[in-house]
Structure formats: structure tokens, C-alpha cells
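Laboratory data are not the source of any read-out in this text; all were calculated from the coordinates shown. Quantities reported herein were computed from a predicted structural model and do not represent experimental measurements. Virtual Cβ from ideal backbone geometry, glycine too; neighbours counted across all protein chains shown.
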């Protein structure tokens, strides 16, 4: 799964990378670690506005949700079962690119996960990459406020991620640069970025990687 990501790139670099405008760039707050359960607003490109970087809230709210508590269950969505899940099947064509420069995963060192190692996962070829997502617009039934939200799609882990995410063996759907537009255009087989790198954060802290 993917519940913690890294988006430390400033607005100017994002606009250059995606050749897109960023109307709310002053509100963009780069971060070394984003906790999905805090539902941050992060840079996203939707298929409704493919030339614009927007700030959407992590944790998809379907239009029928009565409260925001639903968001805790929709940070991720399994790509294999989208059409089966009420939260996602109505927005299956509302696609987006979730922009990141890393994400975090924990390797279980025992059967219950009481001991874990934290890893930072990045792409070897592209310092800024995208994860496939779905987005939705939700109207707060109490205030009428419109809120745009998203979920990150996950898939079966590749060999590297299966070794690290050994409890569930999942990983986000990471798009190659060639696959980004294809995903927004509705193609059903996004190209997975194969060149991932993982760094054990304990090794970094203790100076064993450098």
C-alpha cells in the first residue's frame, strides 16, 4: 500500500517538468514526508485539466459520502477491483497523476510487524514521477463546500517491492513518462516504471550507505 509519500519539489520545478500552469502554487508546501492519514493537499494533474497542476486532498470522497470519515479508507485503491468497489466504480474514468519524488514503505522483521525497517523508494531515472490515481469532487452536506480528493492506485508488488513490503506485497502504480498521458487518456494498461531504488533509512541515519 502507499500511505506515506514524499513531494519535496518546488512549484517552479513542477511546472517545468510537466509543462503546466500551477494556479495555486503559493499554497504548495513541499514536504519530505506526507502522511496520508492527515489528508494533505498535494500536487495532482487530472484528466479534466491536463495542462494544470492542482492541489487535491489525499483520500477520495465519493459524492454519496455523508462525512469525511470515509477518507481514511480510500487513500489507496486496488487497480484489480476498481469496478467492484462502490467508492471507486463511479469515478473510474476520472483519472489523475499524483506527483511525487518518493514514497515510504516498512519491511516487517517479524511475523506481527512489531519490528520494522523504514525504506524510501524513488525512481532511478526520473527524480519526479507520477502514480496513477482517481479523483472525485465532493460536496459537504453541512456547508456546501466543494472538495476535490484523490486516491492512489496500487498493484501487485514487483520483486523489489515484494521484498520490502513483505506483509501485503503491494505497491503504487508508478507510471513511466510515456505512460502518463496514456493513463489520462483512458488507456487501461499504464506502463509501470521498472527502475526503482530503495534506501533503508536506518542505514542512512547511521551513515552506512555513504
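Could you work out the relative contact order of the chain, using alpha carbon pairs under 8 angstrom and six or more residues apart, expressed as a whole percent?
Details: 457 pairs, mean separation 44.7, N = 210.
Across the chain, relative contact order equals 21 percent.
In terms of overall dimensions, the C-alpha atoms belonging to the stretch 1-81 reach 35, 28, 26 Å along their principal axes, ordered largest to smallest. Projected over all directions and averaged, the alpha-carbon convex hull of the stretch 1-41 occupies 3.3 nm². Normalised by 2.2 N^0.38 Å, where N counts its residues, the alpha-carbon radius of gyration of the stretch 53-116 equals 1.41. Suppose we keep just the DSSP beta bridges with both residues in the chain; what percent of those would be antiparallel, to 5? Within the chain, antiparallel bridges account for around 90 percent of the total. How large is the Rg to Rh ratio of the stretch 85-128 when both quantities use alpha carbon positions and Rh follows Kirkwood? Rg/Rh for the stretch 85-128 comes to 1.17. With a Förster radius of 22 Å applied to the C-beta separation of residue 137 and residue 80, the computed FRET efficiency comes to 0.30. Dividing the summed -39500 (n - 2.57) terms of all DSSP H runs of n ≥ 4 by the residue count of the chain sets its mean residue ellipticity at 222 nm at -3500 deg cm²/dmol. The reciprocal of the average 1/r between distinct C-alpha atoms defines the Kirkwood hydrodynamic radius, which for the chain equals 17.5 Å. Across all Cα pairs in the stretch 127-168, the calculated P(r) in 5 Å bins from zero up to the longest distance comes to 5, 16, 15, 16, 15, 10, 9, 8, 5, 1 percent per bin.
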